[in-house]
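A short worksheet on the structure shown next.
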Amino acid sequence: MMKDAVPTQINKERLKCAHRKVAAMVAVDSAFVPIFLRLEQEIAAMEARDDVIERARRVVADQKATA
């Protein structure tokens, strides 16, 4: 690993961008299928976490509204 490497934050937009690029690569060479599938899994996991957080916020908001 490089000493001066700057850690890069992974976010949904970067994953989706990589997903599109790897999709083009899969169309040419099926060797990239595992990477494509992994990106799909990571995107789905992020979206699931986002959904859980949003549902929790709605529960809190509903609780405040009825209190």
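All of the numbers you see were taken from the coordinates with simple rules; none came from a lab. These numbers were taken from a predicted model, which means no experiment stands behind them. In this analysis, Cβ positions are derived from the backbone assuming ideal geometry, glycine residues included, and neighbour counts consider all displayed protein chains.
Within segment 27-39, the set of residues being part of a helix (DSSP H, G or I) and over 8 Å from the mean Cα position of the chain (by Cα) comprises Ala27, Val28, Ser30, Ala31, Phe32, Val33, Pro34, Ile35, Phe36, Leu37, Arg38. Of all residues in segment 6-19, which are surrounded by 10 or more Cβ atoms within 10 Å (Cβ to Cβ) and part of a helix (DSSP H, G or I)? Across segment 6-19, the qualifying residues are Lys12, Arg14, Leu15, Lys16, Cys17, Ala18, His19.
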